[in-house]
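Engineer: Have a look at this one.
The values are calculated or read from the model by the stated rules, or taken from the named source; none is laboratory data. Bear in mind that the values here come from a model prediction, so they are computed numbers and not experimental data. Cβ placement follows ideal geometry from the backbone for every residue including glycine, while neighbour counts extend to all protein chains displayed. Ligands, DNA and RNA are stripped out before the accessible areas are found, and what is left, the full protein with its side chains, is counted by its heavy atoms. Shrake-Rupley method; radii C 1.70, N 1.55, O 1.52, S 1.80 Å.
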Amino acid sequence: MPGRPSEPENALIPLPTEVDVPLYHIRLGVKPPIFRVFISWSRGNVLQVACIRPLEDHLARGEGHETSDGPGLGGKVVEVKLGASDPNISEAQRRRIIYDSVPPFVLLQSRRKAFLTMYRMSSSSSHPSTDWWQQVLEYSRSISELLGSSKLPAKSVIEDPMIVLEPVEKPSSLKAAWQLMEIFYVDKHYFSWLPERLVDWLAEYDAILSETHMTVHSQLVKLQEKLVNLQVIENDPEYWEGLSSVLTVGWLDVAVKLLRLHGSYHLNQLDSRETENGLVETVAVLVSTMPRLRHDLPVGKSGQCCKTKPDFIKAWEKWRGQITKLDCSAFWVQCSHRPTRDGLRNLLQIMLGNFNSISTACFHWMELFISHFLYIRPLTVGFEEMHGLALKFMRLKSSSVSNGLMRLLIGILGENTEVVMAECSKSFGPWMVTHSAELLTADNNQNEILLHEERYNLGGISIVELHRLVYCQVLASHPLTWQVAPTYLVSCPKQGLGLLEILLSKQPVQNYPMILKNLEICQLNELYGISSCVKKIAGMHQWKHGRKGSGVYWLQEARDEARLNRIAQQLFECIGRSISDETFKQWEGLIELLGSDVGTAGGVGFLHRYRDFKRSLRQVKNGRPTRAARQTVESLIQLMKSPYTPQRFWLPLLHDVVELLNWKDQPLLNVSETNFLLKKLQELSMAQLCPEFSQTYLPPEALTEIRLALATNLSRAFLEE
C-alpha cells in the first residue's frame, strides 16, 4: 500500500512529500485488536474494507453473538467512497440525475451531427459555433433543472418582518459548479452582464462556501437569530456589520429590509427621531434604486434595470451624484444617534466604491471579487484581468483554495481547460466531467480541438472519449445504472462499440426480461452483430441449465446452425437410447421446435417421421377408420426403408403395428411390402448375434408375435392378389 509522505521508508510505493494524501475516516464499531484487514474494489469508486478480529480473542471473551451496540462483533465490512461528493445528494437522487441526463445528452449529440452535416453541405463560410452555443445553452438549462432548485416553502399570508433570510433547501455544490460553467462558457448573450450573474450565483450558493469559511450568508444567519431578542436593533454593532456585508455583495432586497427594521420607523419614535429616520429612508431609497446592468429584473427585486451600457453609465453617474450629495449633506450633524450616523455613512462609502469599506465588509475572497465588479469597476471584461483580481483578493483574505468550487473558478478564470476538466473529475465525479465537456466547447474552437483531438498517449482516443469511457465504467459497475452506459459508449467512435459488446455479453441472461433489455439496446443502436452474439449466449445458457426449449428458441433467433445441428444430434442419440412412448413424449415438443430441416445425417428428420407415425397410430387406436390405419402402415414402410433409421428402432416399430398386420377388413400390406419387412426382420435376427447390438426393452414373445403377424398378412395378401 502507498505510505504516508511522512513515512517514506515504510511505504511499498513511496509518494513525494508534496502530494496531499486524502484521509478517509472509517467507523467500524469493532474493538481492537484488529487481526486482519481486507480491501477490495466494489462498484464504481467504492472500496470495501473488512476488518477481522483474532478468532482466539473473540472466543476467549465469550463474544459468540453480535450485540446491538457493536463491541461484540468479530468483524465488519464497510464501504468507503473515494473522491469528493456532495453530501446533500443521496444515492437515489444521483441515480435520478444519471437517468434524467440521458435525453438532453442524446438530443445534443443528435443536433451536433445535424449541425456538422449542414455545415459541410452549406456554402456559407460562417462556423457552426455561431449558432451552436444556443443549442448548448438549452442543453445546459435542461441539465440544471434536473440538478434541483431552491424550493421555497409555502409563504404565510402574514409576512414576518423579522425574517430577512428566506429558508430554502440546502444548495447543491454540483449545481453550483454547473451554473459557474454555464455563466462563463455558454451564456454568450449575458456575458456583458457578468457581475449581476455572479451576484445571483452568490446569493444562491454562498451557503456552500459557509461550510469551510466565514461568509456573508453565515453572518446573516447569526444576525437573524439575534433579531428576535433585540429591543433596540440599531445599537447592536452586528446589525450594521451585517447590513454592510449584504449591501457589499449586492443583496439589495435584504439590505432594504434590514434598514427598515431600524428603530426610527416605530410610531412612537417618529416625532423625536425625524431627521434620523429621514436619513435611513433616503439611504434605503438609494439602495433600492441602484442601477443594475442586466437583461431583466425579477418582479419584486430592488434596483434599476439597465439593458445597455450607455443607459447604465448615464444612470450610474446620476446615482453616484445623489450619493455624493447626501454624503456632503448637513443633516448628518443633526443626527444625534452615533451608531446610525456611522453605519449609514459606511453604507454610502460602500456604494461610492471605497475599497477599504468594501474589503472590511467581506469575509470570503469570492465576495470581495464580486463586490469589486459591482461598485468599483462595473464594466470589467476579460478573463485575464478577472484572474489577476481573483489571485489578488485571495492573498488579501489569506484564503487557500480548498473548496472544489473555488478551484474550478480559478481554472475557469485562468482559461486552463485541462485544470477545469481535472477539477470537475476530482471534485464532482465522472458524471460532471462527461456532461460539462459540451459546455467547454460551446463557443471555443480552441477547446473543441483540444478536447476532441486524437492523442497517441491515450491510445488514439480523445480526452472527451476518455472521460466518457471512465463514466461508462462507473455506470456499468452498478446493477441499477448499467443500462445507461450503452448510450455513452455509442458516442465513443474509437473504443465504444468494442466495450459495448463486452458489456452486453457479460450481462446475466438468467431471465427473459434481461435478455429483452439487451436486445432492445442493440436494436436502438443498430448493433445487429452484438444482438446475434447475445442471443447465442442466451441460448447456450438456457440449454445448459435444462431449459431446452428456450435454448433452442434463442439459437434459432441467432440463426446458429452449427449449435442447432449439434443439439439435434444429441437429441437423436438421447431418444435412441430409450425407445419408449414416455421418452418420446418428453422430447416431442423440442422436436417440433427444432424443425425437420435441422440436424446432421437426417437424425431429426427421422424423429419427425417417427412422430408422424406415432400420431397416426394413436388415431387408429382411438377408433379411426381404415384410412388412418393405411397411413400408419405407409409411414412404417418409409421408416424401414430410410437409411437413417437405426436398427434398434426396427423391432419396436414392427411391434407397434402387430395389430395392424392382423387387420380384420383387409390386409394393409401387399406381398412385396410384407416380404420387405420379413427381410428386415431376418437382418435384425442376425444383428442380435453381434455383441455391440443394443437390446430393446420388449417382452420375450415380441419377436414371435411379429413373425406370426407378418406370416398371416402375407397369406392374406396372396389371396387378395
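Engineer: Could you give me the residue pairs with C-beta distances under 8 Å whose first residue belongs to region 92-117 and is modelled with pLDDT under 85, whose second residue is surrounded by 14 or more Cβ atoms within 10 Å (Cβ to Cβ) wherever it lies, and which are 6+ apart or on separate chains?
Structural biologist: As it stands, the answer is Phe115/Pro128; Phe115/Trp132; Phe115/Gln135; Leu116/Pro128, since those pairs meet every condition given.
Okay, residues lined up against (1) touching a helix residue (DSSP H, G or I) at 6+ places or on another chain (Cβ under 7 Å); (2) open to solvent by 30 Å² or more (accessible area, probe 1.4 Å); (3) among the basic types (Lys, Arg); (4) without any contact (Cβ under 8 Å) to a residue 40 or more places away in the chain:
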site: Asp200; (1), (2), (3), (4): no, yes, no, yes
site: Glu204; (1), (2), (3), (4): no, yes, no, no
site: Ile208; (1), (2), (3), (4): yes, no, no, no
site: Val221; (1), (2), (3), (4): no, yes, no, no
site: Gln224; (1), (2), (3), (4): no, yes, no, no
site: Leu230; (1), (2), (3), (4): no, yes, no, yes
site: Glu238; (1), (2), (3), (4): yes, yes, no, yes
site: Ser244; (1), (2), (3), (4): yes, no, no, no
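Engineer: In this structure, does Thr481 turn out to be in contact with a Leu (Cβ under 8 Å, 6 or more places away or on another chain), open to solvent by less than 60 Å² (accessible area, probe 1.4 Å) and hydroxyl-bearing (Ser, Thr, Tyr)? Walk me through it before giving the result.
Structural biologist: On the way: in contact with a Leu (Cβ under 8 Å, 6 or more places away or on another chain): yes; open to solvent by less than 60 Å² (accessible area, probe 1.4 Å): yes; hydroxyl-bearing (Ser, Thr, Tyr): yes.
Here the answer is yes, as Thr481 does meet what is asked.
Engineer: How many residues does region 249-280 contain that are touching a residue at least 24 places away in the same chain (Cβ under 8 Å) and either of a type in the set (Asp, Glu) or open to solvent by 50 Å² or more (accessible area, probe 1.4 Å) (or both)? Walk me through it before giving the result.
Structural biologist: The initial filter retains those residues of region 249-280 that are touching a residue at least 24 places away in the same chain (Cβ under 8 Å), namely 249-264, 273, 275-276, 278-280.
Still in the list and also either of a type in the set (Asp, Glu) or open to solvent by 50 Å² or more (accessible area, probe 1.4 Å) (or both): 253, 257, 260, 276.
Here the count works out to 4.
Engineer: Let me ask you something else. Against the condition modelled with pLDDT of 85 or more and either buried (at least 18 other Cβ atoms within 10 Å of the Cβ) or over 19 Å from Gln109 (Cβ atoms) (or both), how does Gly529 come out, does it pass?
Structural biologist: Values: modelled with pLDDT of 85 or more: no; either buried (at least 18 other Cβ atoms within 10 Å of the Cβ) or over 19 Å from Gln109 (Cβ atoms) (or both): yes.
It is false that Gly529 is modelled with pLDDT of 85 or more and either buried (at least 18 other Cβ atoms within 10 Å of the Cβ) or over 19 Å from Gln109 (Cβ atoms) (or both).
Engineer: What helices (runs of 4 or more DSSP H) completely inside region 281-377 contain at least 1 residues that are open to solvent by 50 Å² or more (accessible area, probe 1.4 Å)?
Structural biologist: Values: elements: 309-327, 331-334, 338-351, 355-361, 365-371.
Filter on region 281-377 gives 309-327, 331-334, 338-351, 355-361.
Engineer: Also, I was wondering about something else. I'm trying to understand the selection: among the residues of region 378-407, which are of a type in the set (A, V, I, L, M), assigned to a helix (DSSP H, G or I) and either modelled with pLDDT of 90 or more or open to solvent by 30 Å² or more (accessible area, probe 1.4 Å) (or both)? Lay out the reasoning, then the answer.
Structural biologist: The initial filter retains those residues of region 378-407 that are of a type in the set (A, V, I, L, M), namely 379, 381, 386, 389-391, 394, 396, 401, 405-406.
Then keep just the ones that are assigned to a helix (DSSP H, G or I); that gives 386, 389-391, 394, 396, 405-406.
Matches in region 378-407: Leu391, Leu396.
Engineer: Consider only pairs whose beta carbons are under 6 Å apart and that are at least six residues apart or on different chains; among these, list those whose first residue lies in region 312-323 and is free of Cβ contacts under 8 Å to residues at least 40 places away in the same chain and whose second residue is of a type in the set (A, V, I, L, M) and open to solvent by 30 Å² or more (accessible area, probe 1.4 Å).
Structural biologist: Once the first residue is free of Cβ contacts under 8 Å to residues at least 40 places away in the same chain and sits in region 312-323, its partners that are of a type in the set (A, V, I, L, M) and open to solvent by 30 Å² or more (accessible area, probe 1.4 Å) give Ile323/Leu352.
Engineer: Related question: Being more than 17 Å from the chain's Cα centre (by Cα) and open to solvent by less than 50 Å² (accessible area, probe 1.4 Å) is the filter here; which residues of region 484-506 pass it?
Structural biologist: Selection gives Gly498, Ser505.
Engineer: Could you say which residue among Val490, Val484, Val433, Val509 is over 27 Å from Tyr528 (Cβ atoms) and among the β-branched types (Val, Ile, Thr)? If you could, list the steps in order and put the result at the bottom.
Structural biologist: Numbers: Val490 fails: over 27 Å from Tyr528 (Cβ atoms); Val484 fails: over 27 Å from Tyr528 (Cβ atoms); Val509 fails: over 27 Å from Tyr528 (Cβ atoms).
None of the others qualify; the one that does is Val433.
Engineer: Looking for something aliphatic (A, V, I, L, M) and more than 18 Å from Glu701 (Cβ to Cβ) - is there at least one such residue anywhere in region 641-655?
Structural biologist: First pass over region 641-655, keeping only residues aliphatic (A, V, I, L, M): 651, 653-654.
Narrowing the set further to residues that are more than 18 Å from Glu701 (Cβ to Cβ) leaves none.
Within region 641-655 (the criterion being aliphatic (A, V, I, L, M) and more than 18 Å from Glu701 (Cβ to Cβ)), the answer is no, since none of the residues qualifies.
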